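The values are calculated or read from the model by the stated rules, or taken from the named source; none is laboratory data. None of the values given here were measured: they were computed from a predicted structure. FYI the Cβ positions are ideal-geometry reconstructions off the backbone, even for glycines, and counts take in every protein chain you see.
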Amino acid sequence: MSLCLKMAKNRYLSFLLMISVYVVALLISITIANRTSLVNFKIEPYISGSNSVDFFLPLIVTAPFTWEIYYMKKDNFLNTLGCRISITGYVSKYIISSTIFCLFAVFIANLIAGFFSISVADLSTHTYGDNLKGEILGNLQMYKPHQFIVIWSLYKSMITTLICFFGQTVALHMKNIFLTVITPFIIILLENFVTSNLKIPQYSLITTFVLNRLDPMIISLPKLAIPISILVITMTVLYIHWKKNYEKYC
């Protein structure tokens, strides 16, 4: 536990970078959406504004941490640990501390963005029905946006924590700094491209954390669970494969 805390203290700059970039991007996008879109409910600037930013969310939550893994490998830092500290244990604690930072960063950023949307929403004088009724927690989105933002921010932070973990397991196998930083984002981007072209976007990982992305008629919890399950299985396999390769050092 003390090692995790020490790692966390050394990683606060990555945390500040992530949350600053994400919050600024969300606030700018929400402001633009509020000025250029018809707003019937206070949550709508957040919905429109966050959708465009969240396309890059996999990059935002992985890049601040994956480059550190690259330099740990490049400088042979892991190998110098020898038998004093378990290499796999050290890396596991590093990944855990990073994902905890990611969880808090995404949760706080979306709370700020959601409450900002509610406070600045320029509601239209003409309302066009309950157009959010069929969406996930539609009644909360329309009439209790503060409650919805808290629930959605928590859910979204948990999904992106998995993506952060996945990004670091991919980075363990990379030997180039650019590929280390960009590969997790490219993989998720390609997955979204493939599912879209196959006309099954409901099975895309991006659909799980982009609010109201698709028609609610084609969305269901089992369908959302499929890409999440595939992500968990993939990152588990990657981690186990890396762990077996490094066990010879201990």
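For the reader, a short list of remarks on this structure follows.
- Of all the residues in segment 196-229, those that are under 20 Å from the mean Cα position of the chain (by Cα), in contact (Cβ under 8 Å) with a residue 24 or more places away in the chain and either in a helix (DSSP H, G or I) or under 30 Å from TYR70 (Cβ atoms) (or both) number 8.
- Residue within segment 111-120 that is farther than 26 Å from LEU59 by Cα, in contact with a Pro (Cβ under 6 Å, 6 or more places away or on another chain), in a helix (DSSP H, G or I) and modelled with pLDDT of 90 or more present: yes
- Boolean, LEU17 is within 19 Å of the chain's Cα centre (by Cα) and either modelled with pLDDT under 90 or part of a loop (DSSP other than H, G, I, E, B) (or both): yes
- Pairing each residue of segment 62-76 that is crowded, with 22+ Cβ neighbours inside 10 Å with any residue that is among the polar types (S, T, N, Q) and at pLDDT 85 or above, provided the two are 6+ apart or on different chains, yields C-beta distances under 7 Å for PHE65/SER98; PHE65/GLN168; THR66/GLN168; ILE69/GLN168.
- Number of the condition not met by ILE69 [criteria: (1) of a type in the set (A, V, I, L, M); (2) more than 17 Å from the chain's Cα centre (by Cα); (3) over 22 Å from PHE104 (Cβ atoms)]: (3)
- When segment 145-164 is filtered for residues that are more than 22 Å from PHE116 (Cα to Cα) and surrounded by fewer than 24 Cβ atoms within 10 Å (Cβ to Cβ), the ones remaining, listed by number, are ILE159, THR161, LEU162.
Yes or no, residue by residue, for (1) among the small types (Gly, Ala, Ser); (2) under 28 Å from PRO45 (Cα atoms); (3) surrounded by 14 or more Cβ atoms within 10 Å (Cβ to Cβ):
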| residue | (1), (2), (3) |
| --- | --- |
| THR169 | no, no, yes |
| ASN192 | no, yes, yes |
| LEU198 | no, no, no |
| LEU214 | no, yes, yes |
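- Looking only at segment 135-149, and only at residues there that are of a type in the set (A, V, I, L, M) and either out of contact with any helix residue (DSSP H, G or I) (no Cβ under 7 Å at 6 or more places or on another chain) or outside any helix (DSSP H, G or I) (or both), the one that is farthest from PRO58 (Cα to Cα): MET142
- With respect to the conditions (1) under 14 Å from the mean Cα position of the chain (by Cα); (2) surrounded by fewer than 19 Cβ atoms within 10 Å (Cβ to Cβ); (3) of a type in the set (Val, Ile, Thr), THR31 lacks only one, and its number is (1).
- Qualifying residue in segment 177-184 (condition: in a loop (DSSP other than H, G, I, E, B), farther than 23 Å from SER52 by Cβ and of a type outside the set (A, V, I, L, M, F, W, C)): no
- Residue list for segment 28-71, filter: charged (D, E, K, R), more than 12 Å from VAL181 (Cβ to Cβ) and part of a helix (DSSP H, G or I): ARG35, GLU44, ASP54
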